[in-house]
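Here the structure is laid out as structure tokens; the discussion comes afterwards.
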Amino acid sequence: MHIPFNKPYLTGKEAHYMYEAVFLGKISGNGAFTKKCQRFFEEKYGFRKTLLTTSCTDALEMAAILIDIKPGDEVIMPSYTFVSTANAFVLRGAKIVFADSENETPNLDANQIEELITPKTKAIVPVHYAGMACDMDKIMFLAEKYNLFVVEDAAQAIDSFYKGKPLGSIGHLAAMSFHETKNVISGEGGMLIVNDERFVRRSEIIWEKGTNRAEFFRGEVDKYGWVDIGSSFLPSDIIAAFLFAQLENLEDIQSRRRKIWNTYYNGLKPLEERGHIRLPHIPEYATNNAHMFYIVCKDLNERDDLIRVMKESGINPVFHYLSLHKSPFYADKHYGRELKNSDMYSDCLLRLPFYYELKEDEQEKIILCIRDFYEIRQKIEEIYERREEE
Ligand SMILES: *Cc1c(COP(=O)(O)O)cnc(C)c1O
């Protein structure tokens, strides 16, 4: 039995809608399916404005342009995140000020932000890791106090909430991903969410290569031209057609994923109770959108051993995010502070296979494999302890 880490799920309608897009004869960006997807998000979650992009990376780059990041500006974000969170701002010359994660979750520790703010700070970029909310009230309070922008990296956070508010709707801007490893997918794909009225008009111009083409097609201006900087951030309508099939099945996808998540949680709970591993912690202000399931091992060696044992059984877990402040690109630019929790998650976090079609017996096999691993470890430890006593 081979169990991959991820398997993209198809609802069955994707090819049908893609054919329809082709048949309609307009397959460039901002077509009928793009509008349907954007409307879906605006109606369901009350986002002020949404724009599909070719990736979440692109949406983050648009956000950096929109808040006018300039060389020397400082942007505060967690070190434990994907490179795109930082890259988008580095591309515009920002200095990244990495903050540590909380101990209980890999999310940015909101209590450590204020001491990192300087007159050059322009933005805070919280990442909702595993789709579980950062402490947004604290972050928005600081943003208001120091006049900063908040860009939510909501790549993993579709259909998740903070105190009842949808993630992606709280910061001035937010970015979501539809990469094939996320809950809802289009291969590559993403979306910019614009919540602040001030950015609504310009976001569309940047999206359309710096032109006011979208306004022209709505009949709001009588000619269109080059009015700002921008790029080609919009995906083909064929991609949007694929995405729309997924969105129509969001409820089904989410309920299946929650079931898988709960099976892992209940199956591995005894190991947490015995102190072997830590399971995801969901703060009381956050919901769980079942984006991923991770465990936290004791240290790097133990995680390496566990990965080896799982691979021998045909199971493919993955670890990720080497702290960005220690990356080959950024280590010599980091301001020096040690980020203990970020490094701890880099060394100890392990993601288990997680996808819609993961079968019950496969999941059982994964859970048993991890339980056996720790049971054997414990027996060996007990033997050593007894020997020492003798
Ligand atoms: C997946 C992911 C991204 C990048 O998304 P793409 O759509 O692949 O560009 C950015 N940030 C986080 C936290 C992610 O998980």
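The values are calculated or read from the model by the stated rules, or taken from the named source; none is laboratory data. Everything numeric here is computed off the predicted structure, so don't read it as measured data. Here the Cβ positions follow ideal geometry from the backbone for every residue, glycine too, while neighbour counts run over all protein chains shown. Protein only, heavy atoms only, side chains kept; ligands, DNA and RNA dropped before computing areas. Shrake-Rupley method; radii C 1.70, N 1.55, O 1.52, S 1.80 Å.
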In debye to the nearest 20, the charge dipole size for segment 292-390, taken about the Cα centre with +1 at each Lys and Arg Cβ and -1 at each Asp and Glu Cβ, equals 540
If every Lys and Arg gets +1 and every Asp and Glu gets -1 at its Cβ, then about the Cα centre the chain yields a dipole, in debye to the nearest 20, of 1080
Comparing MET310, MET344, MET77 in a Gaussian network model of the chain (Cα, 10 Å), the one with the largest mean-square fluctuation is MET310
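What accessible area per residue comes out for the chain, rounded to a whole number of Å², with a 1.4 Å probe? Could you put the intermediate results ahead of the total?
Working: 17360 Å² over 390 residues.
Ligands and nucleic acids excluded, the result is 45 Å² per residue.
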Relative contact order of segment 251-389 (C-alpha contacts under 8 Å, at least 6 apart) in percent is 30
Relative to the compact-globule estimate 2.2 N^0.38 Å (N residues), the Cα gyration radius of the chain stands at a ratio of 1.05
Measuring from the longest principal axis of the C-alpha atoms of the chain, the long axis of helix 136-146 (C-alpha) lies at a number of degrees, nearest 10, equal to 50
HN-Hα couplings for segment 293-298 via Karplus (6.51, -1.76, 1.60; θ = phi - 60°), in whole Hz with x for Gly/Pro, come out as 10, 10, 10, 10, 7, 6
A correct Karplus calculation of ³J(HN,Hα) over segment 84-101, with 6.51 cos²θ - 1.76 cosθ + 1.60, θ = phi - 60°, whole Hz and x for Gly and Pro, returns 4, 4, 7, 3, 4, 8, 4, 4, 9, x, 6, 9, 8, 9, 7, 10, 7, 7
So the angle from the long Cα axis of helix 300-312 to the longest Cα principal axis of the chain, reported in degrees to the nearest 10, equals 90
Once the dipole of segment 14-249 is set up from charges on Cβ (+1 Lys and Arg, -1 Asp and Glu), the residue from the list HIS172, ASN249, THR81 lying farthest towards its positive end is HIS172
Quick calc: nm separation of the 7 Å Cα→Cβ label points for GLU375 and VAL221 -> 6.9
Computed from every Cα-Cα pair in segment 251-389, P(r) in 5 Å bins starting at 0 and rounded to whole percents is 2, 9, 16, 19, 18, 14, 10, 7, 4, 1, 0, 0
Distance in Å, no decimals, from the C-alpha centre of segment 339-390 to the one of segment 55-117 is 32
Relative contact order as a percentage, the chain, C-alpha pairs under 8 Å and 6+ apart, gives 22
Taking Cα atoms only, helix 250-273 is inclined relative to the longest principal axis of the chain by an angle, in degrees rounded to 10, of 30
Connecting every pair of Cα atoms under 10 Å apart in the chain and solving the GNM, the largest mean-square fluctuation among VAL150, VAL97, VAL200 falls on VAL200
